[in-house]
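The values are calculated or read from the model by the stated rules, or taken from the named source; none is laboratory data. All figures in this text were calculated on a predicted structure; none of them were measured in a lab. In this analysis, Cβ positions are derived from the backbone assuming ideal geometry, glycine residues included, and neighbour counts consider all displayed protein chains.
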Amino acid sequence: MEELQLTLTPARVDQRNFGIQLSSWRVGQQLSALVVDSRPNGGLLLSVAGKTFTVSSDLPVQPGTRMALEVKQVGQEIVLRRVPDSPQGRTDAGGRAAQTTIELSSVRPSVLLNQLAAQPARFGSTELQEIARELRGRALKMEGLTPGAIQRGLRDSGLFVEADLLAGRMGRARQSGKASLSQLQAVALALAEDLDEELAEARVLHQLVDRATALLNGIAQQQLASLPQDDGLQRWIFTLPVQFGEQFDDVRLEFEREPRQADQEETWRASLTFEFPEMGAVTVRLQLRGSSVNVAFDCKIPATAARLGHNFPTLEGQLAARNLSATGLAVNVAGWDDDPTPGTSGLSVEA
């Protein structure tokens, strides 16, 4: 099977506990790794017991894949050998076949928060329970959603942690979702180290570590996607959890600000994508130029489109109350018309 060469990045070498972990590895030891990212040059970003490594690989591997690795060589250079899955597949403590791949959709914030709703209490760790409460408390509450709550959610999402640190806003950086995920990662890993790896509790803790790692990697990818463009376009991308009763779901938001021309009003674009119970998948697209607003809803379910279109007069009134003029409102249903241009399918209102 393929051998993977482990690369120590400077950030990892500087971590005080990193060398301690490596020194505990022994030839023949088997490790469980999660592929966090696949690089264009063939390298893989792996998460092993809460630590992230870069390895070189000649074989393409999809992010989210679980792989078993055997330590073949230690010392100045560390060589890991990929171990093939058994024909019968691995089994968990209950005798069920364990998945070798974590689907990308399973590492959404809502998946972790739904798991944290009940799991922390079983480990007897007040620290883990407190982190779980904090992460769940950050979710937007649909029954009382306000612009201020959304603003706080965006600010504390983790996208601006490094910017806050550079600006000296240490408290805000420590209170971010990114900091809480890092704490969850560290606490769950410490608890798992005291347990037999074959125990169901250890598997659950490692799953928490893997999901926190994947979410942290997702925030890093959103930060890269939010860097200023060469043409002056600015973009910010977020994924925020929202709470319905005791259950959690996700909302993806994207904001764009066009480069401002001397003779034009500033233009902003925003999109909001979600899939809530009974509503199905919905994408809301907005364009704000000065005080003029265009809004389009793309829906999967015709009944949802009809309900949204029925509320257009209320939406116009709410925009007017904020000194905004609705120059175009539209609702589209996927499957009725492949053209996503506002007003081409479903219901539309042109002011």
Original post:
In region 169-217, which residue that is under 21 Å from the mean Cα position of the chain (by Cα) and either assigned to a loop (DSSP other than H, G, I, E, B) or outside the structural domain of R133 (by TED's automatic domain parsing) (or both) is surrounded by the most Cβ atoms within 10 Å (Cβ to Cβ)?
Top reply: S176
**OP:** Kindly list the number of the only condition in (1) part of a strand (DSSP E or B); (2) at pLDDT below 90; (3) farther than 26 Å from L135 by Cα that fails for F274.
**Re:** (3)
Original post:
Restricted to region 291-309, and to residues that are under 29 Å from the mean Cα position of the chain (by Cα) and small (G, A, S), which residue is nearest to A334 (Cα to Cα)?
Top reply: A305
**OP:** Might you check whether a residue that is of a type in the set (D, E), outside any loop (DSSP other than H, G, I, E, B) and in contact with a strand residue (DSSP E or B) (Cβ under 7 Å, 6 or more places away or on another chain) occurs anywhere in region 283-299?
**Re:** yes
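Test E254 against the criterion of being within 22 Å of P228 (Cα to Cα) and either under 27 Å from the mean Cα position of the chain (by Cα) or at pLDDT 90 or above (or both), and give yes or no. Before the answer, list the steps.
Numbers: within 22 Å of P228 (Cα to Cα): yes; either under 27 Å from the mean Cα position of the chain (by Cα) or at pLDDT 90 or above (or both): yes.
Yes: the conditions hold for E254.
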Original post:
What are the residues in region 138-165 that are buried (at least 18 other Cβ atoms within 10 Å of the Cβ), in contact with a helix residue (DSSP H, G or I) (Cβ under 8 Å, 6 or more places away or on another chain), within 24 Å of A117 (Cα to Cα) and touching a residue at least 60 places away in the same chain (Cβ under 8 Å), if any?
Top reply: R138, A139, L140, S157, G158
**OP:** Scan region 238-251 for residues that are modelled with pLDDT under 90 and part of a strand (DSSP E or B) and report the count.
**Re:** 2
**OP:** Output yes when any residue across region 222-231 is within 28 Å of L46 (Cβ to Cβ), out of contact with any strand residue (DSSP E or B) (no Cβ under 7 Å at 6 or more places or on another chain) and of a type in the set (A, V, I, L, M), and no when none is.
**Re:** yes
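Residue-wise test of (1) of a type outside the set (F, W, Y); (2) surrounded by fewer than 17 Cβ atoms within 10 Å (Cβ to Cβ); (3) touching a His at 6+ places or on another chain (Cβ under 7 Å); (4) outside the structural domain of G144 (by TED's automatic domain parsing).
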{"site": "L233", "(1), (2), (3), (4)": "yes, yes, no, yes"}
{"site": "F244", "(1), (2), (3), (4)": "no, yes, no, yes"}
{"site": "Q247", "(1), (2), (3), (4)": "yes, yes, no, yes"}
{"site": "G290", "(1), (2), (3), (4)": "yes, yes, no, yes"}
{"site": "A305", "(1), (2), (3), (4)": "yes, no, no, yes"}
{"site": "L329", "(1), (2), (3), (4)": "yes, no, no, yes"}
